[in-house]
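Take a look at the structure set out below.
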Amino acid sequence: QVQLVESGGGLVQPGGSLRLSCEASGSFFSIYSMAWYRQAPGKQRELVARISRGGSTNYAEIVKGRFTISRDNAKNTVFLQMNSLKPEDTAVYYCNQFPSQRDYWGQGTQVTVSS
């Protein structure tokens, strides 16, 4: 059974940075595209960034230039470096495959951007 465990969230001031990590169990990791998603209160979950198994990346316009997704296939881990954070980035952040798989959603990690 696949498990995805996100970590690295927290409270940060506007303009600050955080680095999220997502560790995946199982041997599937290196062959699939992975992605970070987020869900803010009262809003639908949205795609933030994705990375192919070969390392090609794609970002939502609202985070382009501020967020960087990367992966370490040897460690079954995907990262999200978030810089220049804004209050509107506040959300629970999740990792999953791309396209997402219903049964793979984890608990997520809370990111709060506030002064």
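Name the residues in region 50-82 that are part of a loop (DSSP other than H, G, I, E, B) and not polar (S, T, N, Q), would you?
Just the residues of region 50-82 that are part of a loop (DSSP other than H, G, I, E, B), to begin with: 52-56, 60-66, 76.
Of everything in region 50-82, those that are part of a loop (DSSP other than H, G, I, E, B) and not polar (S, T, N, Q) turn out to be Arg53, Gly54, Gly55, Ala60, Glu61, Ile62, Val63, Lys64, Gly65, Arg66.
Considering only residues that are assigned to a loop (DSSP other than H, G, I, E, B) and polar (S, T, N, Q), look in region 88-105 and name the one that is surrounded by the fewest Cβ atoms within 10 Å (Cβ to Cβ). Full working, then the answer.
As a first pass, look at region 88-105 and keep what is assigned to a loop (DSSP other than H, G, I, E, B): 90, 98-101, 105.
Okay, now just the ones that are also polar (S, T, N, Q), so 90, 100-101.
Working: Thr90: 17, Ser100: 16, Gln101: 12.
Of everything passing the filter in region 88-105, Gln101 is surrounded by the fewest Cβ atoms within 10 Å (Cβ to Cβ).
Which residue out of Leu47, Leu20, Leu85 is open to solvent by less than 20 Å² (accessible area, probe 1.4 Å), touching a strand residue (DSSP E or B) at 6+ places or on another chain (Cβ under 7 Å) and not in a loop (DSSP other than H, G, I, E, B)? Explain how you work it out, then say what you get.
On the way: Leu47 fails: open to solvent by less than 20 Å² (accessible area, probe 1.4 Å); Leu85 fails: not in a loop (DSSP other than H, G, I, E, B).
Matching residue, one of Leu47, Leu20, Leu85: Leu20.
The rows are residues; the columns are (1) touching a strand residue (DSSP E or B) at 6+ places or on another chain (Cβ under 9 Å); (2) free of Cβ contacts under 8 Å to residues at least 60 places away in the same chain; (3) loosely packed, with under 13 Cβ neighbours inside 10 Å.
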{"site": "Gln39", "(1), (2), (3)": "yes, no, no"}
{"site": "Tyr59", "(1), (2), (3)": "yes, yes, no"}
{"site": "Ser70", "(1), (2), (3)": "yes, yes, no"}
{"site": "Leu80", "(1), (2), (3)": "yes, no, no"}
{"site": "Gln107", "(1), (2), (3)": "yes, no, yes"}
{"site": "Val111", "(1), (2), (3)": "yes, no, no"}
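The values are calculated or read from the model by the stated rules, or taken from the named source; none is laboratory data. Nothing here was measured: the structure is a model prediction, and the numbers come from that model. When we count neighbours, we look across all protein chains shown, and the Cβ atoms used for this are built from the backbone with ideal geometry, even at glycine. The area values use the complete protein model at the heavy-atom level, side chains included, leaving out ligands, DNA and RNA. Shrake-Rupley method; radii C 1.70, N 1.55, O 1.52, S 1.80 Å.
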